[in-house]
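In what follows, a single structure is set out as structure tokens and then discussed.
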Amino acid sequence: QVQFVESGGGLAQPGGSLRLSCVASGIMFRIYAMGWYRQAPGKQRELVAAITSRGSTNYADSVKGRFTISRDNAKNTVSLQMNSLKSEDTAVYYCNFGGAPTSSWGPGTQVTVSS
């Protein structure tokens, strides 16, 4: 059964940076597109970044130029480097399959951007 475990969240000041990581298990990781999603209080979960099995990336307009998604197939890990953070980036961040998420969501990692 697929399992995702996210880490790396925390408190950052506006303009600061954080790096999130997600380890996937129970799947042949390298063949899947992966994505980072976020859910802010009172809002629906949204896809913010995705990376294909070949390494092509795509970003939501709200994070384009600030966030970078990457993957390490040897470690079954997908990462999200977040720079120039804004208060509106505050949310719980999750990883899952890119574009077609499974219902097996991990616990997520909280990102709070505040001065």
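The values are calculated or read from the model by the stated rules, or taken from the named source; none is laboratory data. What you are looking at is a predicted structure, and each value in this text was computed from that prediction instead of being measured. With ideal geometry, Cβ positions are generated from the backbone for all residues, glycine too; neighbour counts draw on all protein chains shown. In case anyone asks, the SASA skips ligands and DNA or RNA and just uses the protein heavy atoms, side chains included. Shrake-Rupley method; radii C 1.70, N 1.55, O 1.52, S 1.80 Å.
Observations, loosely collected:
- Environment charge at Y94 (Cβ cut-off 12 Å; Lys +1, Arg +1, Asp -1, Glu -1): 0
- Each pair of Cα atoms in the chain enters the Kirkwood radius, and Stokes-Einstein at 4 °C and 1.567 mPa s then converts it into a translational diffusion coefficient of 93 µm²/s.
- Remark: segment 49-115 carries 49 Å² of accessible area per residue (probe radius 1.4 Å; ligands, DNA and RNA excluded).
- Cα centre as origin, Lys/Arg/Asp/Glu Cβ charges: the chain dipole, Debye: 180 debye
- Sequence-separation-based contact order of the chain, relative, with Cα cut under 8 Å and 6+ spacing, percent: 37 percent
- Taking D89, D61, D72 and ordering them by how much accessible surface each has at a 1.4 Å probe, largest first, produces D61, D72, D89.
- Candidate lysines - alpha carbon under 21 Å from K64, same-chain residues fewer than 8 apart omitted: K43, K86
- Charge-dipole axis of segment 38-115 as Lys and Arg at +1 and Asp and Glu at -1 on Cβ define it, positive-most pick from N96, S70, Q44: S70
- Sulfur and carbon atoms: percent of accessible area, the chain [1.4 Å]: 47 percent
- Accessible heavy-atom area order of R45, R66, R19, highest first, probe of 1.4 Å: R19, R45, R66
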